[in-house]
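See structure below.
The values are calculated or read from the model by the stated rules, or taken from the named source; none is laboratory data. Predicted, not measured: the structure shown is a model, and the values here were computed from it. Neighbour counts run over all protein chains shown; Cβ positions are idealised from the backbone, glycine included. Just the protein is used for accessible areas: all its heavy atoms, side chains included, with ligands, DNA and RNA removed. Shrake-Rupley method; radii C 1.70, N 1.55, O 1.52, S 1.80 Å.
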Amino acid sequence: MTIREHLRRADEPSRRTFVSGLAAGLFGVGTSPLASPLSGALTQDGAVPLRHATAKRVIYLYMSGGMSQLDTFSPKPGAATQGPTEAIQSNADDVRVSEHFPLMARHMDKVCVVESMNSNQGAHAQGQYYMHTSYELRGTIRHPSLGAWLNYMAGPVNETLPGHVAINGGLYNASGGFLESKYMPLPIGSAEDGLQNSARADGVSEGIFDRRMRRLREMNDAFRDRYNTKEVRAYGDMYEQALSLMDSQDLDAFDISKEPESIQEAYGTDPFGKGCLLARRLIEHDVRFVEVVKSGWDTHAENFDQMGELCPPVDRALSALLADLDARGLLEDTMVVLATEFGRTPRINTQRDGRDHYPKAFSCLLAGGGIQGGVKYGKTDAEGHEVTEDIVTVEDFNATIAYGLGLPTEYEMYSPSGRPFRVAHKGIPVKAMFA
Amino acid sequence: MRRFRGLDPDVRREIDSRAAFSEWLTDSDTPRFTTVIANRMWERAFGVALIEPVDDIKDDTVAANPALMSLLEDLMREVDYDLRAFLEILYTTDAYQRESIPDREGYAHQAPIMRRMSAEQCWDSMLTLVLPDIDATLNEPDAVALDIYASYEDLLSMDEEEFEEELEIMIVRYSDPMAYREMRRESRENDDQRNSARVRMLTDQLKKARKRGDTVTVERIVQSLRDLGITGVRGRDRLRVNYMARASDLPSPAPDGHFLRQFGQSKRDLISASHEDANIPQLLNLLNGFVEERLLDQTQAVLRREMIRARAPLAQINTAYVGVLSREPGPEEREMWLRIMRGDPRQGTKDMIWTLLNTHEFLFIR
């Protein structure tokens, strides 16, 4: 089969099975025609020349459902659209946050609030996909999310742990897209449980395990020879990855119970707090990109009541994370991102006391990794309806993160189907956000 | 706004919009309804729909096989939208009975496409190897154990007398529901005063636990409140989650990190969010977790019992292959396992079950 045929075969649209199957199939160990570098096409890790990076890794906190900007980090005190949520002064002169973030108010000097976010996607799946990949959701291809791009372009640091981990994730969050299956995020369903079953079961010696694996490989190889599909190849590939992870010296990184109680307490005992703590442990072990998802932000009804439940865990975990990273000297080269698919309508939906989807003007946060703290970037009008200054599109936002990581945003990588893609699509980095 | 076909737009204002919508949606005169449901049922059986994606059908959409599509629509009308009857016909067709097609290239809906089992199918398949009767899992004795487990913290803080009293109540609750109701009615009258204070305290604790996002405590308190007769408290029924019961008998979605979720069960925060992709945690679970704990370590597991009953190595090998892969072993496979089992029958049996459950062949539907 020629390379071109390989490429064409690989572009079949197959929706959900697409993600892991495709790339894994193409990159059978050592036998792929693409293993040799092609100009601009998929090559080995770290083959892309990087520019100077201010950040080496990312903790990406994703507020799933669409976080209300007015009730969190961009209050408009006095405006008719503000509703009952009060604003409080933070430790940065120009930055006020909502009353639900008393702890973060003491750490805003580390944070850049991007107030002029703008997306063109108003539905959750599409919006989450766009936020993560900078491309629109289509039936025919899956794009890699930022974490996959980072590992692909910059290469792994820790050879035994996956470079990309997703905690509490969903279908349209972190993804390896059309890249090899090793760039897929390792999903951690529950931070408290960490990575389960990573050690051989009791009573199974190394000898027994190896014997079992030998026979299993034989059976699976025979099956793959007969049914040589992308999905089957992806499973074979994933077995090898699981085995090498079992051998890692750094498995402790997944165990947050190793942290002193005071630290666990500081992050919070809820799944998001535990996820943030796990994220910090993982980046300490040179995992490059960790995403932690906090869901429930789709506050069409009872927005103001729900804020009282949604915000405190985030306030606690994010402030603990920033302080902890700072104290360990990690904030310097770790970028902390807080993102969401869209904001919520400034106009209050009075029937249900809620706010609806609003991609036109919303807020995200950046901190650490060279980002200038204590500032707001971009402006909206007095009631928060429109961006009036320095609009930042989703693609620009991702390009800014990529820029901090030293990833060339203009670099074109060719997908297995021969189409060119860029890390943040057409996004232009906002260099003004860097100190 | 686009008007619904077959419905006078003026009517919309006067009637309940939801009722009108459902009426329109299920009206057999609504042109797309039959296409949509027939297409989706075909996808369920064969793995690839005639119109893909199933949730994007437009006026000018043409099915991959228009003749088949219209046959299926006729069939759907003929069975009067009885999905069970419809699927029964699909499952007994020659097309469905054929060996599945591994590749989408040149696929013409002549047989099912090869798929990995859904998360629910994986779970249920595993369970049928563990439980003698998968539908007999929601028995009372388990509920007692579960109840004790759920109130473990409370029980710890009790003194001996209170503990014994509580235990007796639990036993009565499940062995004699009538007596329990009577007992509760009496005790409620006595305890009304004490209870209202306790309810206040619990409600207060519940609020705090919610704020912390401490779901375990939330569930515990919700259960305690229910025990006090306070119902309608928001909280998910997680108690049954650790049950070895059919996926359809468990709360959905299963909690984060559960076997079902590892294998791609939808989190249900978005539509159609289930998947059949490989990932590391699910394989680690097969390699070192579920298979070992629930099957190999349990002599009560039905597959293990069947193996013991089979006695002769040859019969054991057949049992394992039929049980796990629904086929008999090939001659070479039979030879290989015979050799191993002659060496160390106990370990050999375990190794064989472990290996078969980890094969691609088990996970993929041919």
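Numerical summary
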{"item": "Selected residue (only one of A:GLN196, A:GLN249 is under 21 Å from B:GLY264 (Cα atoms), open to solvent by 40 Å² or more (accessible area, probe 1.4 Å) and among the polar types (S, T, N, Q))", "result": "A:GLN196"}
{"item": "Segment A:129-140, subset crowded, with 24+ Cβ neighbours inside 10 Å and modelled with pLDDT of 95 or more, residue farthest from the other protein chains (Cβ to nearest Cβ)", "result": "A:SER134"}
{"item": "Within segment B:271-305, considering residues that are surrounded by fewer than 18 Cβ atoms within 10 Å (Cβ to Cβ) and part of a loop (DSSP other than H, G, I, E, B), the one nearest to the other protein chains (Cβ to nearest Cβ)", "result": "B:ALA273"}
{"item": "Candidates B:VAL79, B:VAL62, filtered to the one that is surrounded by fewer than 16 Cβ atoms within 10 Å (Cβ to Cβ), at pLDDT below 95 and more than 14 Å from every other protein chain (Cβ to nearest Cβ)", "result": "B:VAL62"}
{"item": "Segment B:46-56, subset surrounded by 16 or more Cβ atoms within 10 Å (Cβ to Cβ) and of a type outside the set (D, E, K, R), residue farthest from B:THR93 (Cα to Cα)", "result": "B:VAL54"}
{"item": "Selection within segment B:307-323 - more than 18 Å from B:GLN347 (Cβ to Cβ) and in contact with a helix residue (DSSP H, G or I) (Cβ under 6 Å, 6 or more places away or on another chain)", "result": "B:GLY323"}
{"item": "Scope segment A:159-188; condition open to solvent by 20 Å² or more (accessible area, probe 1.4 Å), farther than 24 Å from A:LYS230 by Cβ and touching a residue at least 40 places away in the same chain (Cβ under 8 Å); matching residues", "result": "A:THR160"}
{"item": "Output for segment A:66-90, where each listed residue is touching a residue at least 60 places away in the same chain (Cβ under 8 Å), surrounded by fewer than 22 Cβ atoms within 10 Å (Cβ to Cβ) and out of contact with any Pro (no Cβ under 7 Å at 6 or more places or on another chain)", "result": "A:LYS76, A:ALA79, A:ALA80, A:GLY83, A:PRO84"}
{"item": "Residue list for segment A:374-422, restricted to those being aliphatic (A, V, I, L, M), assigned to a loop (DSSP other than H, G, I, E, B) and open to solvent by less than 30 Å² (accessible area, probe 1.4 Å)", "result": "A:LEU405, A:LEU407"}
{"item": "All positions within segment B:324-335 that are touching a helix residue (DSSP H, G or I) at 6+ places or on another chain (Cβ under 9 Å) and open to solvent by 30 Å² or more (accessible area, probe 1.4 Å)", "result": "B:ARG327, B:GLU328, B:GLU333, B:ARG334"}
{"item": "Hey, B:SER248 more than 14 Å from chain A (Cβ to nearest Cβ), modelled with pLDDT of 80 or more and under 25 Å from A:LEU186 (Cβ atoms) or not", "result": "no"}
{"item": "Of residues in segment A:92-125 being charged (D, E, K, R) and part of a helix (DSSP H, G or I), the one farthest from A:VAL394 (Cα to Cα)", "result": "A:ARG106"}
{"item": "Lone unmet requirement of (1) in contact with a Phe, Trp or Tyr (Cβ under 8 Å, 6 or more places away or on another chain); (2) open to solvent by 10 Å² or more (accessible area, probe 1.4 Å); (3) part of a loop (DSSP other than H, G, I, E, B) for A:ALA432", "result": "(3)"}
{"item": "Subset of segment A:298-314 that is modelled with pLDDT under 95 and either closer than 27 Å to A:LEU150 by Cβ or acidic (Asp, Glu) (or both) - its residue that is least open to solvent (accessible area, probe 1.4 Å)", "result": "A:ASP298"}
{"item": "Whichever residue in segment A:232-252 is in contact (Cβ under 8 Å) with a residue 60 or more places away in the chain and away from chain B (no Cβ under 14 Å) and, among such residues, is nearest to A:ARG288 (Cα to Cα)", "result": "A:ASP250"}
{"item": "Number of the condition not met by A:ARG226 [criteria: (1) within 10 Å of chain B (Cβ to nearest Cβ); (2) touching a residue at least 24 places away in the same chain (Cβ under 8 Å)]", "result": "(2)"}
{"item": "Single unsatisfied condition, B:ARG268 versus (1) open to solvent by 10 Å² or more (accessible area, probe 1.4 Å); (2) part of a helix (DSSP H, G or I); (3) in contact with a Pro (Cβ under 6 Å, 6 or more places away or on another chain)", "result": "(2)"}
{"item": "Residue within segment A:389-409 that is in contact with a strand residue (DSSP E or B) (Cβ under 6 Å, 6 or more places away or on another chain) and either acidic (Asp, Glu) or without any contact (Cβ under 8 Å) to a residue 60 or more places away in the chain (or both) present", "result": "yes"}
{"item": "Residue in segment A:277-294 that is within 11 Å of chain B (Cβ to nearest Cβ), open to solvent by 10 Å² or more (accessible area, probe 1.4 Å), out of contact with any Cys (no Cβ under 8 Å at 6 or more places or on another chain) and within 21 Å of A:ILE401 (Cβ to Cβ) present", "result": "yes"}
